[in-house]
Structure formats: structure tokens, C-alpha cells
Amino acid sequence: MGAAEQMRRTEQTEFCLSCHVMEAYGRSLRVDDSTYLPAAHFQNGRIPRDQACYTCHTDYVLYGTALSKMRGLRHVYAQYIGGVQTPIRLYTPYNNRECLHCHAGARSFEEGAVHNADPSIMAAIKSNELSCVSSGCHANVHDIAHLGELKLWEAPK
Amino acid sequence: MNAGEPHIHRRLRVSGVLIILGLAVELLSLIRIHPLAFMGFLLVGGGLLAAGVVLYLISLVSVAPAASREDFR
């Protein structure tokens, strides 16, 4: 029971942001600009706010959760012993699979004008040949370098 | 009473203490939502718990041959 509760806690936004190095990434979820992908998802409830990091940064594969926990142990080591390498980078390029976990089948995605501008585009997106993020279409993600210049949204209490 | 009993009692007592300590550490780790609390749960609490269980099982296995010899005498 305790193990299940601990596992549930590791999925919480508060857990991920409790390391100092992640604070800026947490603030970037409150950027008051809908072109910022994580902020738009967080502020509009497209992802659970209390599991914001976990929802988008866990691989949706059979062992995705276990792999995330293993990476988490590495992160704890880096935070307290090994030292955090900056800038923080993803282990692998962001996989469209994580976006499609929710967006596949959604009308706004399936019928989107740009997604269907050419028949090959949708196939390329779904096969991860054309990245949602690094293709430049949804490239505004955690822009922590310019966070100081951006207005932040305050959630109503 | 056979000769193995005091030894097994001591081992069982130690394993009991280890398991209680492990559970206490795991309970304390639930106070905060923090990576260190998770590590405490996993490594310290889990370690004590595992050590207690292993010691308990070893104590049972190691005393069995002596006990069975006594029984059949």
C-alpha cells in the first residue's frame, strides 16, 4: 500500500518540481501565451495539472512507467551527487507517440488543416517521421531562457 | 526445548525489529512529497524490510535440520 502511494506521488507535478533545477520548468507552465505548448496544455486542463510533467514526459509503452522511475533515480543521483548538466536535455528526441496518446482520434488533430495539407503529412506524423515539436510546428515548449521576459498566468484560487 | 531455540529466538527478534523499523521508515517517508522521501522509502525502508524478511527466512531454514534430528531421536 505504501509502495503504491509512493509510486502515485512520484507522478505528481509537486514531486518533479521539488528539485531546484526544475523550478523554471514549472514556471514555464504558467506563461501567459497560448503558443507555448506546455503552458497551453497546463492552463487549459488538457493534461491533469497535478500530473503535468508525468503526463507528457512518460513514454507510453509497456515499460514506460518503469523506465521513468529508473530515470528518476538517475535524476536524484544527479541532483545530490553527480551534478546536473545544463542545459537539461531529453534523453531522446520527443516522440510523437506521447502527443498521439491523447491527440490521435481527436477531431482537431485528425481534421486539422495543416495536418491534412498533404496526404503524406498525417502518415509522417503518426509514424514519428515528422516531429510535432522539432519540425517547428509546435516548437514553443519550455523556453526557460526567456522566462524572465514573459508574463505569467496566475491560476484563480 | 532443543539447542537451536535460543538462537532462532534471537534471530526472530532481530528480524522483527528490522521489519518494524523498516515499516516505521516507510511510514515517515510518506510525510513529504519529495525525491529524498521516495529514496528513503525505497532504499532505507525497503532495505530494512528486506533484511528482516531474509533474516526471518534464514533463521527458519538454518534451525530446521537440528530440530528435525531432535524430533526423531
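The values are calculated or read from the model by the stated rules, or taken from the named source; none is laboratory data. Everything numeric here is computed off the predicted structure, so don't read it as measured data. Don't worry about glycine lacking a Cβ; one is built from the backbone with ideal geometry, like all the others, and counts go over all protein chains shown.
Identify, please: which residue in the range A:54-74 is in a helix (DSSP H, G or I) and among the hydroxyl-bearing types (Ser, Thr, Tyr) and is, among those, farthest from the chain's Cα centre (by Cα)? Per the criteria, the residue is A:THR65.
Which condition number in (1) closer than 30 Å to A:ARG74 by Cα; (2) modelled with pLDDT of 95 or more; (3) among the hydrophobic types (A, V, I, L, M, F, W, C) is the one that B:VAL17 fails? B:VAL17 satisfies every listed condition except (1). Among the residues of the range A:91-102, just one is without any contact (Cβ under 8 Å) to a residue 24 or more places away in the chain and either within 14 Å of chain B (Cβ to nearest Cβ) or not polar (S, T, N, Q) (or both), namely A:TYR91. Taking the criterion of being under 18 Å from the mean Cα position of the chain (by Cα), closer than 24 Å to A:ARG9 by Cα and of a type in the set (A, V, I, L, M, F, W, C), would at least one residue in the range A:99-117 satisfy it? Looking for residues that are under 18 Å from the mean Cα position of the chain (by Cα), closer than 24 Å to A:ARG9 by Cα and of a type in the set (A, V, I, L, M, F, W, C), one finds at least one in the range A:99-117, hence yes. A:THR10 meets the stated requirement of being in contact (Cβ under 8 Å) with a residue 40 or more places away in the chain, of a type in the set (Ser, Thr, Tyr) and farther than 23 Å from A:HIS146 by Cβ. Criterion applied to A:SER34, A:SER28, A:SER108 was being of a type in the set (Ser, Thr, Tyr), within 27 Å of A:LEU152 (Cα to Cα) and assigned to a loop (DSSP other than H, G, I, E, B), and the one residue passing it is A:SER34. For the range A:13-29, the set of residues classified as touching a residue at least 12 places away in the same chain (Cβ under 8 Å) and hydroxyl-bearing (Ser, Thr, Tyr) consists of A:THR13, A:TYR25, A:SER28, listed by residue number. Here B:LEU48 meets each of (1) at pLDDT below 95; (2) part of a helix (DSSP H, G or I); (3) of a type outside the set (S, T, N, Q); (4) surrounded by 15 or more Cβ atoms within 10 Å (Cβ to Cβ) with one exception, condition (1). Within the range A:66-86, the only residue that satisfies the criterion of being more than 14 Å from chain B (Cβ to nearest Cβ) and either touching a residue at least 40 places away in the same chain (Cβ under 8 Å) or surrounded by 15 or more Cβ atoms within 10 Å (Cβ to Cβ) (or both) is A:THR86.
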